[in-house]
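Let me begin by presenting the structure, written as structure tokens, before commenting on it.
The values are calculated or read from the model by the stated rules, or taken from the named source; none is laboratory data. None of these values were measured; they are calculated from a predicted model. Cβ: placed from backbone, ideal geometry, glycine included. Neighbour counts: every protein chain shown. The accessibility values were calculated without ligands, DNA or RNA, using every heavy atom of the protein model including side chains. Shrake-Rupley method; radii C 1.70, N 1.55, O 1.52, S 1.80 Å.
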Amino acid sequence: MSLVARPSDARRAAFPKQRRGWVKKASSLDRYFDAANRVLEAFNTAFDARRLDDAYVYGKRFAIFSLEALPKHNYYESPRYVSIRRKNKQDMTEVILKLEKVAEWMDDEEKEKERQRKKREAEERKREEERMKREAEAARVRLMQFQMDVDKKNRDMKGAGANVQKSALDKLKRMNGSEDGNVTDAFMNDLKRSFRTSGRRESETTDDNLAGEQPPSRNINDQPLPPPLPVPLPPPQHPANTSGHSKELPPPSYNAIMDSSKRDGDSQTSKKIPQSALEQAAAISAAAAGGATRREHQSLRVSGSVYANRELERHRRMAQRKEKVLIQAIKSQIHNEYQQLRSSKRIEVISLSTHQGRFPDSTNGCAVISPLVVSHHLRSRSSVSNDEISNVIDKECGPLLREIRGKLKLNGAALIIPSDVHDHLVDKKILKQDAFIGATGGNIMDRKHLAEFLRLLDSGEKNSHARCRTGAALFFREHVVSLVKVPAADGKWLFDLIDSLPGGNGMATRTRCHDLVALETMLRHYASSRFSESNCDYIDKNDWDDCMADFDPRVFQCFVW
């Protein structure tokens, strides 16, 4: 059964394709509900204002996110989210009903647009028919006037010929000397003899000319009359003369017409292409940046719907950005730097004897394993040992995982939000609250954001822990790793990253960095190697935005002790 096409189908299909929502299972569900509520508020505002394009986009985004993304979070079925979950479902039902209303309004608008389009086309056809009728009538009048002018000239020419004949006859009469005006037979005989004599002389003259002799000069009055002129064509129609001179312009020559056509063709091909809406938006921005007056700025407008203009503005800004390097090129550069540091022994990778998930109790236990490793490091005299790390992975994390999941009403293999684990470990006195230095996060590919974390790990706030052992749990891409600051000889410090997931040889790894530069390169390599193709595509198309951090693959969070 095929669906009946709606008038607004093409309009809705032209909107940017909605990305399927996704959530990070180890991020707080409250933040995702807050994000959904902000979209819901934007939808209701647009709906009440009858901004149909905005309302449709926001409503569809809210419905998809609430229906497909939120239920995938581990905490979605948790008892503490019962009331929020119920309200979200009610909102989703209302939004879906309103979306249908928006679609109906769009159908009405498109029908009205089509009706107006047909009306404009009919009016245009009518104007064209009237114009053709006026031109035909004007041509008919010009033709009648032309015919009248020709008839008048013919009558005038006939009258002039009759007068010439009458004058010649009178002259002959006077030459004859007849008093009564009659021509005598003697005069007519003399005239005939004169014509015969003249004919013989003309023949002799022609023969002499053929023999090379010059013709005798003759009086101009003796030459025959020229043939009559052809009937003139009607003059071309010229525009009204606004200069005040009555002299008509002469018709153009052939060469002038060809030159004019060539110039017209060149001007047509060199005509400026009308500005698109995108170029109009760029012109508005340039006018504002160039100090345009308020009236000049207000005179610039971009045609199209509100939502479409915002999309054009977003694309315009993307096009105006400085050319940035694609993430794949950055990944390649970081990989080369990482390999150079490994070759120089400034970065060393050590394999451990176990890994997360080797026993079922440790599955998805990184949120517990990492802070436990940090707690062992802070209690040790120098640094947490490899055996202690293996013991945490295989034995210590299992009971704590079951306890925390039971407390939060989560299923047996659910990921746990790091902040919930830290709270539980503080309650259990495994971590001390007074040992907490701080938390930070942001874009892990941004050196400034990463430098803030390295500063806390290396020296703490206001250089308070420069000579102390520190540790951190770093949360990135739904996985948590440990970083510990290890004392070395000559007052120097080493930095180890401990990852409980299987590495290249199938076991957990401990990567040692001999300075902060090596640690920064290793963290950037660790992060960039975990970006999928879809992550890279998102990064290339979107600049970092703090408001969208929960949906950005570059976001990281760390807790330093």
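Where the centre of each part is set by its Cα atoms, how far does segment 344-390 sit from segment 74-116, in angstrom? Each part's Cα centre sits 47 Å from the other's. A simple count of charges around residue 336, restricted to other residues whose Cβ falls under 13 Å of its Cβ and scoring Lys, Arg +1 and Asp, Glu -1, yields +2. Annotation for residue 489 and residue 382: the two label points, set 7 Å from Cα along the Cα-Cβ direction, are 1.2 nm apart.
For segment 423-561, with all protein chains in place and a probe radius of 1.4 Å, 50% of the accessible heavy-atom surface sits on carbon or sulfur.
Measuring only protein heavy atoms, the 1.4 Å probe finds residue 486 accessible over about 10 Å². Within segment 508-537, which residues have the backbone N less than 19 Å from the label spot 7 Å out from residue 333 along Cα→beta-carbon, could you tell me? Of the residues in segment 508-537, 517-531, 536-537 have backbone N under 19 Å from the label point off residue 333. For the peptides 464-476, 447-459, 534-546, the ranking by packing is 464-476, 447-459, 534-546, with the highest mean count of neighbouring Cβ atoms within 10 Å listed first. Given a cut-off of 29 Å, name the pairs among 345/428; 24/331; 448/492; 409/485 whose C-alpha atoms lie farther apart than that in the structure shown. Flagged as over cut-off: 345/428; 409/485. Between residue 136 and residue 359, full extension at 0.36 nm per residue minus the direct alpha carbon distance yields a gain of 70.6 nm. Note that segment 412-561 presents 42 Å² accessible area per residue, ligands and nucleic acids not counted, probe 1.4 Å.
In this structure residue 38 has an accessible area near 140 Å², from a 1.4 Å probe over the protein heavy atoms. In order along segment 450-465, the Karplus-derived 3J(HN,Hα) couplings, from 6.51 cos²θ - 1.76 cosθ + 1.60 at θ = phi - 60°, round to 5, 5, 5, 5, 5, 5, 5, 5, 7, 9, x, 6, 6, 6, 7, 10 Hz, and Gly and Pro are given as x. On full extension, the segment bounded by residue 111 and residue 451 gains 116.6 nm, given 0.36 nm per residue less the C-alpha separation. Counted residue by residue at 0.36 nm each, then reduced by the alpha carbon distance between them, the extension gain from residue 429 to residue 9 reaches 145.1 nm.
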